[in-house]
Amino acid sequence: MSQSLPADVSDLAVRQQAVAAELAQFRYLGFVRTGDEWQKKQDMAVLTKNDDLHVVKKGETVENHVVVKMITQESVTLQDRDSKVE
């Protein structure tokens, strides 16, 4: 006998999947490091989504709801501000 999830739990899962799918539309093109030994280094990421190009720093917001959480040479971590989905 199978148990079904409460409607609010399944609605939340559906919303989280939709947010994750939207975040997955961003493509990480590259990593830029500015500054030198005497200055604080500032890492930036170059992202695209559809035809839009974004050059962002950690902590910046893209499209009014996507926060740049972390930038490394290999990847960028984005988080939806409302749902906290990464």
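Summary table below
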| item | result |
| --- | --- |
| Segments 76-85, 53-62 sorted - mean Cβ within 10 Å per residue, highest first | 76-85, 53-62 |
| Kirkwood Rh and Cα Rg combined as Rg over Rh, evaluated for the range 20-86 | 0.99 |
| Sequence of GLU86, GLU22 when ordered by accessible area, the most exposed leading, probe 1.4 angstrom | GLU86, GLU22 |
| Two-site FRET efficiency, VAL32 against LYS84, from Cβ-Cβ distance with R₀ of 30 Å, rounded to 0.05 | 0.65 |
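The values are calculated or read from the model by the stated rules, or taken from the named source; none is laboratory data. Not measured: the values here are computed from a predicted model. Don't worry about glycine lacking a Cβ; one is built from the backbone with ideal geometry, like all the others, and counts go over all protein chains shown. Note: areas computed on protein heavy atoms with side chains; ligands, DNA, RNA excluded. Shrake-Rupley method; radii C 1.70, N 1.55, O 1.52, S 1.80 Å.
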